[in-house]
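These notes are about the structure you will find just below.
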Amino acid sequence: MVIDSLNCYLNAMPGEKYLHNQLHELSSYLNQQGVVTILILAQHGLVIAAESPVDISCLTDTVLTLRYFEAAGEVKRALAVVKKRSGQHEKTIREFRLETERGIRIGEPLREFQGILTGVPEFRGAAKQIMKVADADS
């Protein structure tokens, strides 16, 4: 089940103060039923620590952060796993692309960038390290 977005869910609730308890009960029930639940929360502001309307990290097993960044005159997307409750997880920030025929494509770690998650990226490498649209055709 996908709730997209929690921001809208929060605005639709008559009693905002009960949102946390309601989400906890809902996610616990769905988990017991074997249902994977995806909660999407839009954060406003430039930095990853931007204030959110609700803290859901205690309700989640995994937290992914998706950010836009600019490189070589294009708007790109970056993906990072910032929390995984069980086991080890990837700690690098990687470019990703949604492709119609291939699905999700994940690039190499963006090691030559600084500041992607803060919203102020600075590139310190060679252009060949960035996934190109032409790569999707090969």
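The values are calculated or read from the model by the stated rules, or taken from the named source; none is laboratory data. What you see is a predicted model; the values in this text were computed from it and never measured. As a convention, Cβ positions derive from the backbone with ideal geometry for all residues, glycine included, and neighbour counts pool all protein chains shown. In case anyone asks, the SASA skips ligands and DNA or RNA and just uses the protein heavy atoms, side chains included. Shrake-Rupley method; radii C 1.70, N 1.55, O 1.52, S 1.80 Å.
Restricting attention to the range 60-69, the residues being open to solvent by 80 Å² or more (accessible area, probe 1.4 Å) and assigned to a strand (DSSP E or B) number 3. For the range 70-104, a residue qualifies if it is of a type in the set (K, R) and not in a strand (DSSP E or B), and the qualifying residues are R85, K91, R102. Note on the range 22-39: residues that are within 15 Å of D61 (Cβ to Cβ) and loosely packed, with under 15 Cβ neighbours inside 10 Å total 9.
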